[in-house]
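Mind looking over this structure? Questions follow.
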Amino acid sequence: MIPAPVSRPPTPLQIAGAGSARHLAAGFRDTKSVLVVDPAVMGRAERLLAGGFLWLETAPPVVSAEHAAGFGRRLRERGVERVLSVGGGNTMDFAKLAVSMAADPLVESVVTRSGGPAGVVVLPRPLSRHIEVSAIPTTFGTGSEVTSGACFESAGPADGHGGFRAKSLVLLEGLKTSAVAYDPEFLEAPPWLIAEGLLEPAVRLLTSLVGGTPDLAYSDAQGSWLLAEAGEHLAAGQKTDFRLSPSERVDAALLSAESHAGWSLRGRGPAPSSLWFPANELSMALGLRKNQASALLLRPWLEAVGNGKAAWGNQRKLDELWPLVSVGAAAAVTATLKGPDGGALVGGLAGGDGMQVDDLADSLATRTLGRFGRGRPMKRAVGHGELVDLFAAALSPANFQQAGLQQTGSDSYGR
């Protein structure tokens, strides 16, 4: 377990270890509750049905406002009191959005209307009524189980800069996850996904500490400590080709949650990591998981900060902090990017039938700036030129080769 600081914001009840999932599910017995499950883990989740649920809801592969709204209406109509989510970030987002829409119909109206052009949706008022939501994560790294935000996808903005879909973040002020069970049985995953889960909190902490508000004594101290712990997890994972023991999976999941729910990000503003936003747009353009896009951007970001590009972060802090995670990070980046496909990323960069790198970098920069930039909420120092340079470096053949990847010709950029 990760020790808590003396004073900290409220966080969900966390239970960890073998059997914790069944223990949490048993607490839903004799209540008007619903189980939400990622289809990929249906076999494991069905073991929890003895807890007694009104029905089992299957999470969609892509969360849209419409999907969540339909589920939310059923929750409201049936008078559901509690929802238990079993799955990764996508499943938890679906549950949190639906619960919020069920509690306050205004959420459905605002989210549906704002999707696409708005990268971040801020509700005009906090949620005042609640359906209790708890989670059994089946992956780690995202930290979604301890945050009040949720992502959803919609048609891309009609701005002439790429017809691919848009992923937006809605800030659900007042929504709090009640409990989380970190059960090693449910945290089983293939090595590439384990690598992704270890890399994500390390990147989140590193980019936030280096690129955010400097000299926050307590937050910096805890953030640096957590980053060092994340580095140890990465180094240990590298030694075993990212095949972790049950206890190591639980420890990694707890660290990821603490990186979001503790004090390490507090005082750094609503968007301490400017890398999240370009990664979000790059993932939509290339059809990648967001963490794959983040891994593709990491080396260019490191080089930008290391070369004194202050818009992306403080070079002195990078020099201090990067060694904490560098040992296992390269191997984790490669494993994350290769993913289940074994090393080929869709790109069209080699085949010549997709958008050219410079054109795509410019288009992505314009789109990222329009959806998140100029202080809403990406920091103002990150402008169009900085984004173009970052995207161009990430999409270069050299960056793919550095990660041991091959590019595949595709016309997927236009989707």
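The values are calculated or read from the model by the stated rules, or taken from the named source; none is laboratory data. Since we're looking at a predicted model, the values are computed, not measured. Please note: Cβ atoms are built from the backbone with ideal geometry, for glycine as well, and neighbour counts cover all protein chains shown. Note: accessible area is taken over every heavy atom of the protein model, side chains too, but ligands, DNA and RNA are not part of it. Shrake-Rupley method; radii C 1.70, N 1.55, O 1.52, S 1.80 Å.
Residue-wise test of (1) in contact with a helix residue (DSSP H, G or I) (Cβ under 7 Å, 6 or more places away or on another chain); (2) β-branched (Val, Ile, Thr); (3) under 30 Å from THR112 (Cβ atoms); (4) in contact (Cβ under 8 Å) with a residue 12 or more places away in the chain.
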residue: PRO137; (1), (2), (3), (4): yes, no, yes, yes
residue: GLY141; (1), (2), (3), (4): yes, no, yes, yes
residue: ALA166; (1), (2), (3), (4): yes, no, yes, yes
residue: LEU171; (1), (2), (3), (4): no, no, yes, yes
residue: THR177; (1), (2), (3), (4): yes, yes, yes, yes
residue: TRP192; (1), (2), (3), (4): yes, no, no, yes
residue: GLY197; (1), (2), (3), (4): yes, no, no, yes
residue: LEU209; (1), (2), (3), (4): yes, no, no, yes
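So, in region 284-307, exactly how many residues are among the polar types (S, T, N, Q) and touching a Gly at 6+ places or on another chain (Cβ under 9 Å)?
Qualifying residue count for the region: 2.
Let me ask something additional. Can you pull out the residues in region 116-142 that are of a type outside the set (A, V, I, L, M, F, W, C) and surrounded by 22 or more Cβ atoms within 10 Å (Cβ to Cβ)? It would help to see each step written out before you state the result.
As a first pass, look at region 116-142 and keep what is of a type outside the set (A, V, I, L, M, F, W, C): 116-117, 119, 124-126, 128-130, 132, 134, 137-139, 141-142.
Result: GLY119, SER134, PRO137, THR138, THR139, GLY141, THR142.
Do any residues in region 298-327 that are at negative phi and part of a helix (DSSP H, G or I) have Cβ atoms under 6 Å from those of residues that are open to solvent by less than 60 Å² (accessible area, probe 1.4 Å) and among the small types (Gly, Ala, Ser), where the two are at least six apart or on different chains, and which pairs are they?
If the second residue must be open to solvent by less than 60 Å² (accessible area, probe 1.4 Å) and among the small types (Gly, Ala, Ser), the pairs left are PRO300/ALA393; PRO300/ALA394; VAL305/GLY313; GLN315/GLY308; LEU324/ALA228; LEU324/GLY231; VAL327/ALA235.
Still on this structure: Sort out which residues of region 211-253 are open to solvent by 60 Å² or more (accessible area, probe 1.4 Å) and of a type in the set (Asp, Glu), and write them in order of number.
ASP215, GLU232, ASP241, GLU248, ASP251
Filter region 304-326 down to residues that are modelled with pLDDT of 95 or more, open to solvent by 40 Å² or more (accessible area, probe 1.4 Å) and hydrophobic (A, V, I, L, M, F, W, C), then give me how many there are.
Residues meeting the conditions: 2.
Residues checked against (1) closer than 20 Å to ARG371 by Cβ; (2) of a type in the set (Gly, Ala, Ser); (3) in contact with a Pro (Cβ under 7 Å, 6 or more places away or on another chain):
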position: ALA98; (1), (2), (3): no, yes, no
position: SER128; (1), (2), (3): no, yes, no
position: THR138; (1), (2), (3): no, no, no
position: ALA155; (1), (2), (3): yes, yes, no
position: ALA189; (1), (2), (3): no, yes, no
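Hand me the list of strands (runs of 3 or more DSSP E) wholly inside region 136-237 holding 1 or more residues that are closer than 23 Å to SER274 by Cβ.
149-154, 166-171
Do you know which of the residues in region 53-67 that are touching a helix residue (DSSP H, G or I) at 6+ places or on another chain (Cβ under 6 Å) and either open to solvent by 50 Å² or more (accessible area, probe 1.4 Å) or touching a residue at least 60 places away in the same chain (Cβ under 8 Å) (or both) is farthest from GLY88 (Cα to Cα)?
Among those that are touching a helix residue (DSSP H, G or I) at 6+ places or on another chain (Cβ under 6 Å) and either open to solvent by 50 Å² or more (accessible area, probe 1.4 Å) or touching a residue at least 60 places away in the same chain (Cβ under 8 Å) (or both), it is ALA65.
ARG74 - would you say it is out of contact with any helix residue (DSSP H, G or I) (no Cβ under 7 Å at 6 or more places or on another chain) and more than 22 Å from ALA166 (Cα to Cα)?
Details: out of contact with any helix residue (DSSP H, G or I) (no Cβ under 7 Å at 6 or more places or on another chain): yes; more than 22 Å from ALA166 (Cα to Cα): yes.
Answer is yes for this residue.
Same structure, new question: Using the structure shown, decide if SER208 is among the polar types (S, T, N, Q), within 30 Å of ALA311 (Cα to Cα), surrounded by 23 or more Cβ atoms within 10 Å (Cβ to Cβ) and modelled with pLDDT under 95. Can you show your working first?
Details: among the polar types (S, T, N, Q): yes; within 30 Å of ALA311 (Cα to Cα): yes; surrounded by 23 or more Cβ atoms within 10 Å (Cβ to Cβ): yes; modelled with pLDDT under 95: yes.
Answer is yes for this residue.
Specify the residue that is nearest to ALA253 (Cα to Cα); the eligible residues are those in region 68-97 that are small (Gly, Ala, Ser) and free of Cβ contacts under 8 Å to residues at least 40 places away in the same chain.
So, considering only residues that are small (Gly, Ala, Ser) and free of Cβ contacts under 8 Å to residues at least 40 places away in the same chain, the one nearest to ALA253 (Cα to Cα) is GLY72.
Further question on the same structure: Can you name every residue in region 264-303 that is among the basic types (Lys, Arg), closer than 18 Å to PHE372 by Cα and modelled with pLDDT under 85?
ARG268
I need a count of the residues in region 259-297 that are hydroxyl-bearing (Ser, Thr, Tyr) and part of a helix (DSSP H, G or I).
Total meeting the criteria: 3.
Per-residue answers, yes or no, for (1) under 21 Å from the mean Cα position of the chain (by Cα); (2) more than 30 Å from GLN222 (Cβ to Cβ); (3) at pLDDT 95 or above:
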| residue | (1), (2), (3) |
| --- | --- |
| PRO12 | yes, no, no |
| GLY52 | no, yes, no |
| LEU56 | no, yes, no |
| GLU81 | no, yes, no |
| ALA98 | yes, yes, yes |
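Which residue pairs have Cβ atoms under 8 Å apart, sit 6 or more places apart or on different chains, and have a first residue in region 98-124 that is at positive phi and a second that is open to solvent by 10 Å² or more (accessible area, probe 1.4 Å)?
Correct list of pairs: GLY116/SER154; GLY116/ALA155; GLY116/GLY156; GLY116/PRO157; GLY116/ALA158.
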